[in-house]
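Novice: Structure provided below as structure tokens; questions to follow.
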Amino acid sequence: MSERKSKLNLNDRETIEIGIIRKQPLKRIATLLKKHVASIAREIKRHRIFVSGSYYAGNDCNGAKGCTKRHVCGDESCPMYCYSCIKDCHKYCPDYYSTKCTAYLKPPYVCNGCDKRRYCNDDKYFYEAKVADRKSAETRKTSREHIHLTDEELASVNSILSEGIRKGQPLAHIFAVHEQEIPITSRTAYMYINDGLLDVRNIDLRRQTRYKKRKKKKTESGILNQKFRQGRTYQDFTALMENRSEKDVFEMDTVKCKRNQKKVLLTMILRRNSVMIVFLMPDNTADSVIDRFNYLEKGLGKECFSRLFGIGLTDNGSEFKVVDKLEQSVEIEGALRCSIYYCDPMQSGQKGRLEKNHEYIRYVIPKGTSLNSYTQEDITLLVNHINSTKRPGLNNLSPYEMIPDDDEDMRKLMKLLDLKPITAKEVNLTKELFNK
């Protein structure tokens with residue numbers, strides 16, 4: 001049997017209505033909709049329409065017309081005949097006898113398919129697909145309108161979320177760390193913040209990232225035809241990766257923070273575990289990038305470097321164009337330490353994992369901020385906080401938590417660059433991290 005749908009839609013309800021009119025058993029209707037028969041029964045009972053019957057003086061007793069009984073309840077002061085009294089005479093009268101139809105107590109629980117419905121004066125129930133669908137939508141809407149937490153639970157949620165958000169922690173990170181303590185979903189948290197139920201406000205949340213419209217690729221007469229790209233295009237990269245793992249693949253880019261200032265950030269992310277490393281460079285030149293490659297190779301050794309940084313994917317910036325010196329080892333003459341490939345022009349999404357991580361940098365160092373007051377130690381501290389942030393895409397783990405205990409190459413890299421995990425609750429992705 002195919003998978004059952006979780007909710008009924010208008011088409012499903014029309015099928016139920018037509019099935020009832022055709023006097024189909026509920027089991028047959030349930031089979032058509034791939035639902036359990038109990039679900040169909042609940043749907044009909046929950047959304048059926050009640051139509052009051054037409055009885056003599058509103059009393060369904062067969063002998064109400066012409067009845068002259070009084071005081072059957074024991075109230076001798078009542079001036080009314082019992083059949084018309086607001087009290088329920090059925091509870092007291094031994095002669096009460098009703099002939100009203102009670103077929104709605106059995107499947108299909110409504111009178112849509114009854115042949116006598118036009119001439120019946122008894123209580124009736126009807127099922128209409130459009131009315132049922134409208135009632136269902138209203139029920140779903142109202143069920144989400146109110147807070148379903150106690151005062152103590154709301155106070156706890158407020159404390160956890162407010163503390164984390166004020167440290168610049170993404171909601172995904174907060175929910176991953178406090179999964180057992182927060183009895184709501186992240187979607188509900190956004191609703192509570194929007195409704196002003198928490199100490200934090202929408203202004204305290206990160207703005208939704210706005211991406212510029214992607215430009216079309218340049219023609220073959222432009223950058224696509226340049227010599228440094230030959231044999232190193234994104235198509236060459238994807239062809240190479242068809243039959244191999246990403247264990248030694250890294251993405252690379254530079255981040256400029258303020259115009260007309262030389263200092264830039266060289267960023268790299270390892271696809272094997274999403275760990276990012278960042279170097280503060282004095283300028284945005286090829287020599288500065290090569291110097292960082294040489295530093296890594298000398299500190300790690302040629303073999304370890306190649307296992308971690310074997311294949312690089314970067315953009316077409318001038319700082320990455322001296323490809324021979326980037327690829328050639330300085331430890332072993334004539335040997336290659338890595339292979340560099342280039343994204344298509346104006347297609348930064350081809351190294352989207354790194355581009356996404358740049359957002360974390362901007363949380364702490366906004367665009368237009370001078371890098372002159374920062375040191376490599378500051379940048380390393382920022383990297384440690386970024387790499388300690390839990391992500392939904394990593395099964396609510398942080399990049400540091402993705403490193404296996406037996407990965408000696410990563411342990412060597414972390415020791416060389418002073419990379420250290422930050423306690424989840426202490427992660428801070430705001431400008432207050434440096435107080436500069």
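The values are calculated or read from the model by the stated rules, or taken from the named source; none is laboratory data. The structure displayed is predicted, hence computed values, not measured ones. Using ideal geometry, Cβ is built from the backbone for each residue, glycine included, and neighbour counts are taken over all protein chains shown. Calculation scope for accessible area: heavy atoms of the full protein, side chains included, ligands and nucleic acids excluded. Shrake-Rupley method; radii C 1.70, N 1.55, O 1.52, S 1.80 Å.
Novice: Go through ASN158, ASN121, PRO108 and say which Cα lies farthest out towards the positive end of the charge dipole of region 104-165; charges sit on Cβ, +1 for Lys and Arg, -1 for Asp and Glu.
Specialist: ASN121
Novice: Percent of accessible area on the chain owned by carbon and sulfur, 1.4 Å probe?
Specialist: 48 percent
Novice: If each of ARG206 and SER84 carries a label point 7 Å out from its Cα toward its Cβ, how far apart are those two points in nm?
Specialist: 7.5 nm
Novice: Could you check what % of the DSSP bridge pairs in the chain are antiparallel, to the nearest 5?
Specialist: 70 percent
Novice: Also: Order of 110-123, 335-348 by packing, highest average Cβ count within 10 Å first? Numbers along the way, then the final one.
Specialist: Details: 110-123: 14.9, 335-348: 18.4.
Going by the mean number of other Cβ atoms within 10 Å, highest first, we get 335-348, 110-123.
Novice: For the chain, take the longest principal axis of its alpha carbons; what is the angle in degrees between that and the long axis of helix 286-300, to the nearest 10 within 0 to 90?
Specialist: 80 degrees
Novice: Which option, (i) 1.01; (ii) 1.26; (iii) 0.97, is the value of Rg/Rh (Cα atoms, Kirkwood Rh) that was calculated from these coordinates?
Specialist: Matching entry in (i) 1.01; (ii) 1.26; (iii) 0.97: (ii).
Novice: For the chain, what's the relative contact order in percent, using C-alpha pairs closer than 8 Å and at least 6 residues apart?
Specialist: Working: 571 pairs, mean separation 56.5, N = 436.
Dividing the mean separation by the residue count of the chain yields 13 percent.
Novice: How much net charge surrounds TYR55 when only the other residues with a Cβ under 11 Å from the Cβ of TYR55 are counted, with Lys and Arg +1 and Asp and Glu -1?
Specialist: Values: positive: LYS65, LYS100; negative: ASP60, ASP122, ASP123.
So the surrounding residues net to -1.
Novice: Same structure again: For region 1-150, what does the relative contact order come out to in percent, with C-alpha contacts under 8 Å and a separation of six or more? Write out the running numbers ahead of the final one.
Specialist: Values: 165 pairs, mean separation 46.0, N = 150.
This gives 31 percent for region 1-150.
Novice: Using Cα pairs closer than 8 Å and at least 6 residues apart in sequence, work out the relative contact order for region 265-307, in percent.
Specialist: Answer for region 265-307 is 25 percent.
Novice: Where the convex hull is taken over the Cα atoms of region 290-374, what is its projected area averaged over directions, in nm²?
Specialist: Mean orientational projected area (region 290-374, Cα hull): 6.9 nm².
Novice: So what is the accessible area of the chain per residue, in Å², with the probe set to 1.4 Å?
Specialist: I get 59 Å² per residue for the chain.
Novice: Helix-only estimate, please: 222 nm mean residue ellipticity of the chain, summing -39500 (n - 2.57) across DSSP H runs of length 4 or more and dividing by its residues, to the nearest 500. Show your work: numbers first, answer last.
Specialist: Details: 14 runs with 147 residues, N = 436.
Dividing the helical sum by the residues of the chain leaves -10000 deg cm²/dmol.
Novice: When the Karplus curve 6.51 cos²θ - 1.76 cosθ + 1.60 is applied with θ = phi - 60°, which whole-Hz ³J(HN,Hα) does each residue of region 67-72 get, with x for Gly and Pro?
Specialist: 6, 10, 6, 9, 6, 5
Novice: How many nm separate the modelled label positions at LEU416 and HIS36, each set 7 Å beyond the Cα in the direction of the Cβ?
Specialist: The answer from the label model is 5.9 nm.
Novice: What size of dipole, in debye to the nearest 20, comes out for the chain about its Cα centre when the only charges are +1 on Lys and Arg C-beta atoms and -1 on Asp and Glu C-beta atoms?
Specialist: Charge dipole of the chain: 2180 debye, to the nearest 20.
Novice: Report, in degrees rounded to the nearest 10, the 0 to 90 angle that the Cα long axis of helix 352-364 makes with the longest principal axis of the chain.
Specialist: Taking Cα atoms only, the helix is inclined about 90 degrees.
Novice: Run the dipole for region 25-132 about the Cα centre, Lys and Arg Cβ at +1, Asp and Glu Cβ at -1, nothing else charged, and hand back the magnitude in debye, nearest 20.
Specialist: Computed charge dipole of region 25-132: roughly 780 debye.
Novice: Just order 46-53, 125-132 by mean Cβ neighbour count inside 10 Å, highest at the front, would you?
Specialist: So the order, starting with the most tightly packed, is 125-132, 46-53.
Novice: Let me ask something additional. Mind checking which of LEU416, LEU308, LEU354 has the largest fluctuation in a GNM of the chain, springs on alpha carbons under 10 Å?
Specialist: In the Gaussian network model the winner is LEU416.
Novice: How big is the dipole moment of region 286-367 about its Cα centre under a simple scheme where the beta carbon of each Lys and Arg is +1, that of each Asp and Glu is -1, and everything else is neutral? Debye, nearest 20, please.
Specialist: Dipole of region 286-367, to the nearest 20 debye: 340 debye.
Novice: For the chain, with the dipole built from +1 on Lys and Arg beta-carbon atoms and -1 on Asp and Glu ones, taken about the Cα centre, which of ASN59, THR185, THR142 lies farthest toward the positive end?
Specialist: With unit charges placed on the Cβ atoms, the residue in question is ASN59.
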